[in-house]
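One structure below.
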Amino acid sequence: MVAAKLVRSVLTIVAWIIIGISSIDATTWCIITNSATPEQLQPHLDYACSHGADCRPLQPGGDCYIPYNIYNHAAYAYNSFYIHRGKRPRACNFNGTATIIFIDPSPSRQCRFPSSL
Ligand SMILES: *[C@@H]1O[C@H](CO)[C@@H](O)[C@H](O)[C@H]1NC(C)=O
């Protein structure tokens with residue numbers, strides 16, 4: 001009886017841990033740091049878009065073309081790059097101009113930053 005209770009408690013704890021880890025994974029995004037300058041962001045934006053990030057939404061007519069500024073475009077590209085690299089923390093660095101966050105950074109209903117592929 002005591003053993004069965006113990007097993008149930010352990011299983012409950014394991015389940016909570018699994019749920020916790022998977023929800024963290026599902027709800028992280030990679031964006032720019034607020035100290036990053038346009039001069040720093042531009043080369044990293046170009047790099048992300050040419051190394052796996054899906055930057056089509058940043059093209060004219062795309063869902064994230066607006067807001068049309070380097071901060072929004074770089075953040076979108078960083079996040080897409082991060083997702084395409086399996087959300088590995090090291091994929092969200094860009095020489096210190098990127099950071100992982102837990103709140104959806106999407107700037108509008110039109111421009112959604114995905115949190116998974
Ligand atoms: C990376 O950041 C450091 C310090 O901010 C800077 O001196 C260096 O030029 C940067 N390197 C690249 C490749 O952007």
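The values are calculated or read from the model by the stated rules, or taken from the named source; none is laboratory data. The shown structure was predicted, so the numbers you read here are calculated from the model rather than taken from an experiment. Using ideal geometry, Cβ is built from the backbone for each residue, glycine included, and neighbour counts are taken over all protein chains shown.
Restricting to region 27-54, and then to whatever is away from the ligand (no atom under 14 Å from the Cβ), of a type outside the set (Ser, Thr, Tyr) and not in a loop (DSSP other than H, G, I, E, B), can you tell me which residue is farthest from residue 99 (Cα to Cα)?
Residue satisfying both the conditions and the ranking: 49.
Out of (1) surrounded by fewer than 16 Cβ atoms within 10 Å (Cβ to Cβ); (2) more than 16 Å from the ligand (Cβ to nearest atom); (3) at pLDDT 95 or above; (4) assigned to a helix (DSSP H, G or I), what's the single condition that is false for residue 76?
The one condition residue 76 does not meet is (1).
Could you list, in sequence order, all residues of region 87-113 that are in contact with a Pro (Cβ under 8 Å, 6 or more places away or on another chain), surrounded by 15 or more Cβ atoms within 10 Å (Cβ to Cβ) and in a loop (DSSP other than H, G, I, E, B)? Steps first, please.
Of all residues in region 87-113, those in contact with a Pro (Cβ under 8 Å, 6 or more places away or on another chain) come to 100, 107-108, 111, 113.
Next cut, surrounded by 15 or more Cβ atoms within 10 Å (Cβ to Cβ) only: 100, 107, 111, 113.
Correct list: 107, 111, 113.
Against the conditions (1) of a type in the set (Gly, Ala, Ser); (2) under 16 Å from residue 117 (Cα atoms); (3) modelled with pLDDT of 75 or more; (4) away from the ligand (no atom under 16 Å from the Cβ), where does residue 62 fall short? Just the number, please.
It fails just one condition, (2).
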